[in-house]
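The values are calculated or read from the model by the stated rules, or taken from the named source; none is laboratory data. Note that this is a predicted model, so its numbers are computed, not measured. Quick reminder, even Gly has a Cβ in these numbers, built from the backbone with ideal geometry, and neighbours come from all protein chains shown. Areas reflect the complete protein model, heavy atoms only, side chains present, ligands, DNA and RNA absent. Shrake-Rupley method; radii C 1.70, N 1.55, O 1.52, S 1.80 Å.
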Amino acid sequence: MLARERLRDESGTVRSQLEARRFDGAQLDHWQTLDRERRSSLVEIERAKHERNEASKAIGQVKKAGGDAQAEIAAVGELKQRIGTLESRLEEVDRDLRELEISFPNLADDSVPVGTDESANRVERQVGEPTTFDFEPQAHWDLGPALGIIDFERGTKLAGARFTVMMGVGARLERALTAFMLDLHTAEHGYTEVLPPFVANRASLFGTGQLPKFEKDLFKLEDHDYFLIPTAEVPVTNLHRDEVLDEADLPRCYAAYTPCFRSEAGSHGQDVRGLIRQHQFDKVELVQFAHPDQSWDALEALTGHAETVLDRLGLPYQRITLSTGDTGFSSAKTYDLEVWLPGQNRYREISSCSNFLDFQARRAHLRYRPAGGGKPRFLHTLNGSGLAIGRTLIAVLENNQQEDGSVEIPEALRPYMNGLERIQAPA
């Protein structure tokens with residue numbers, strides 16, 4: 001959430017930034033009207049309570065003097081009723097303010113390109129040249145089944161559309177990628193490995209910003225107020241919800257493997273072939289809790305950690321900065337890493353790395369205690385895919401395919417594949 005002081009005192013800047021995020025600026029006007037009513041109501045309530053207290057004292061004074069205190073008693077009764085009405089309205093205003101506040105997206109950093117959609121995204125750099133072949137490269141949806149390692153039909157039979165079964169060496173390759181990424185991030189990048197629950201409660205999803213806005217994108221457990229997690233960001237960011245960390249312990253850096261579950265509402269007809277847009281997929285997630293003065297450096301470092309995976313696997317990729325219209329609800333700035341997929345002749349997203357500043361911290365009450373003393377302050381949170389396993393598997397298959405239909409396994413993965421160097425079609 002955004003700080004109330006910012007909504008109140010920086011209205012012009014906030015309005016323009018909200019509109020750059022494709023959010024109706026009139027909602028800010030409504031918030032400010034309610035905020036003014038709230039503050040005036042608080043003053044009026046305190047005034048009425050003071051008058052009630054004075055009237056109550058007058059009752060005792062009149063009775064002590066032997067007089068008739070009915071008028072004073074009536075005045076106290078009217079004031080109590082007025083206070084009750086004012087407080088009831090204040091509760092309504094507070095509720096409406098809260099609903100508006102949780103609907104406001106985060107504000108984009110000044111370095112984010114302004115634009116309505118992905119067409120305004122900015123390419124920051126490209127690493128490696130797009131892979132070329134002396135033959136017509138295949139897409140993974142042809143390669144995988146031909147090698148006997150991806151079974152789309154049985155996935156559909158078992159669960160439905162957009163579910164897949166990985167078979168034999170394909171399952172081993174998925175496991176190898178997961179172990180490789182976790183080993184890299186924990187041993188070389190300093191992350192602590194976490195294995196969280198794969199379901200989350202409503203408070204956790206609110207804390208990271210998925211609820212209430214994106215509930216239709218989630219899988220909810222029937223008869224329980226639990227949801228299958230859309231990303232490990234949700235449980236890992238909420239590890240320290242309602243806690244106060246010591247400044248000396250910052251940054252806290254976690255890496256987690258989880259399956260991820262998304263309904264893909266609104267994506268009908270998009271990426272219906274292959275593994276790009278599945279209801280269930282695996283991912284290694286990186287999450288950092290950073291000091292506010294260090295979060296922008298942390299974003300560069302975290303993104304670099306995700307890029308290292310691509311570098312070690314020898315995969316061509318590019319880093320782009322998402323525009324204001326393409327940046328996620330909770331993020332102040334997001335880098336997307338896009339890997340080259342020869343079978344589709346294009347770059348596709350394989351990681352999003354974001355700095356949320358204190359937006360999630362305010363929702364989840366994530367704070368730290370300054371080393372020099374003073375009141376607890378809000379942390380900054382960051383996260384990024386390090387990487388999406390299925391999409392990495394796609395990139396490995398498509399970029400390392402051979403003319404005979406086999407796939408060469410990158411050297412970095414061979415220790416995790418019992419030394420296997422090539423995936424070949426079954427005889």
Anisotropy class of the stretch 93-151 from Cα gyration tensor, a/c 1.5 cut: oblate
Note the listed values (i) 124; (ii) 163; (iii) 175, then indicate which one is volume of the Cα convex hull per residue in Å³ calculated from this particular structure. (iii)
Charges only on Cβ, +1 for Lys and Arg, -1 for Asp and Glu: so what's the dipole of the stretch 84-155 about the Cα centre, in debye to the nearest 20? 80
Probe 1.4 Å, protein heavy atoms only - accessible area per residue of the chain in square angstrom: 47
To the nearest 10 square angstrom, how much accessible area does Trp296 have with a 1.4 angstrom probe? 90
Taking all protein chains in place and a 1.4 Å probe, what share, in percent, of the accessible surface of the chain do carbon and sulfur account for? 47
Non-local amide H neighbours of Asp282 (under 5 Å, H modeled in plane, Pro and chain starts lacking H): which ones? Cys260, Ile389, Gly390
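Which of rounded, prolate, oblate describes the stretch 1-84, given a ≥ b ≥ c as roots of the alpha-carbon gyration tensor eigenvalues and a/c under 1.5 marking rounded, otherwise prolate only if a/b is larger than b/c?
Details: a/c = 7.40, a/b = 4.59, b/c = 1.61.
Prolate, because a/c is 1.5 or more and a/b exceeds b/c.
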Rounded to the nearest 10 Å², the accessible area of Tyr254 using a 1.4 Å probe with every protein chain kept is 30
Among 244-251, 397-404, what's the highest-first ranking by average C-beta atoms within 10 angstrom per residue? 397-404, 244-251
Straight-line reach check, Lys49, cutoff 21 Å on alpha carbons, 8 or more apart in-chain or any other chain, hits among lysines -> Lys57, Lys80
Estimated [θ] at 222 nm from DSSP helical runs (n ≥ 4, -39500 (n - 2.57)) normalised by residues in the chain, nearest 500: -13000 deg cm²/dmol
Is the stretch 170-246 rounded, prolate or oblate when judged by the Cα gyration tensor, a ≥ b ≥ c being the square roots of its eigenvalues, rounded requiring a/c under 1.5 and prolate requiring a/b larger than b/c? oblate
Highest mean first, what order results for 75-87, 226-238, 114-126, 205-217 on Cβ atoms within 10 Å? 226-238, 205-217, 75-87, 114-126
The long-range amide H neighbours of Ala332, using H built 1.01 Å from N in the peptide plane and a cut-off of under 5 Å, are Asn355, Phe356, Leu357
Reachable aspartates and glutamates from Lys64, Cα under 15 Å, same-chain residues fewer than 8 places away excluded? Glu72
In degrees, nearest 10, range 0 to 90: what is the angle between the Cα axis of helix 389-399 and the longest Cα principal axis of the chain? 30
How many angstrom lie between the C-alpha centres of the stretch 177-238 and the stretch 358-403? 11
Going by average Cβ density within 10 Å per residue, which order do the peptides 12-22, 177-187, 354-364 take, highest to lowest? 354-364, 177-187, 12-22
Quick one: order Lys63, Lys49 from most to least accessible surface, probe 1.4 Å. Lys63, Lys49
